[in-house]
Every structure is written in C-alpha cells, then in structure tokens.
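In what follows, a single structure is set out as structure tokens and then discussed.
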Amino acid sequence: MTAKKHRAKGGKLDTRLIAIEAIEEAARKLEEASDKYEEASRALMEAAREKSAADAALRVALAELRQASGKKKTK
C-alpha cells in the first residue's frame, strides 16, 4: 500500500513539474513576443515620424513650386 501511495505522489509531482515547465516555457515565449511587439511598435512610430517629416517637406516644396510658377505667369 505504501509503495502504491508513493508512486501516486510521485506521479502527481511529475505532473506538477511538467505543468510548471510548460508555464515557464509559455512565459518565455510571451516575453519574446512582447519584445518583438515593442520593437515593431518603435519601428512603426519612427516610420510615422519620418512620413510626417516627408509630408511637411513635400508641402513646403509644393508651396515653393506654386510660388515660382505664379512668378513666371506674371512676368
């Protein structure tokens, strides 16, 4: 009877250990995914800033072109 109880306890401990290892692995994967998400988010914000700067430069260039075009028409 004692050996049977010991095996049952051992089996429960093995099951718990497997569950703990699975949770630890899931936590590692979640951390990796979180890091990748943060990296992608930073890259996206940088791209948005660059697009904003490019849009502003384009507006300035367009205004200058319109101004230059207007001066040519008046001459």
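The values are calculated or read from the model by the stated rules, or taken from the named source; none is laboratory data. Because the structure is a prediction, the values reported are computed rather than measured. With ideal geometry, Cβ positions are generated from the backbone for all residues, glycine too; neighbour counts draw on all protein chains shown.
Here is a yes/no grid of residues against (1) among the aliphatic types (A, V, I, L, M); (2) more than 34 Å from the chain's Cα centre (by Cα); (3) modelled with pLDDT of 95 or more:
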{"position": "25", "(1), (2), (3)": "no, no, yes"}
{"position": "30", "(1), (2), (3)": "yes, no, yes"}
{"position": "37", "(1), (2), (3)": "no, no, yes"}
{"position": "41", "(1), (2), (3)": "no, no, yes"}
{"position": "52", "(1), (2), (3)": "no, no, yes"}
{"position": "62", "(1), (2), (3)": "yes, yes, yes"}
{"position": "72", "(1), (2), (3)": "no, yes, no"}
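Listed by first and then second residue, the pairs linking a residue in region 39-67 that is free of Cβ contacts under 8 Å to residues at least 60 places away in the same chain to a residue that is aliphatic (A, V, I, L, M) and part of a helix (DSSP H, G or I), with Cβ atoms under 7 Å apart and 6 or more places separating them unless they lie on different chains, form an empty list.
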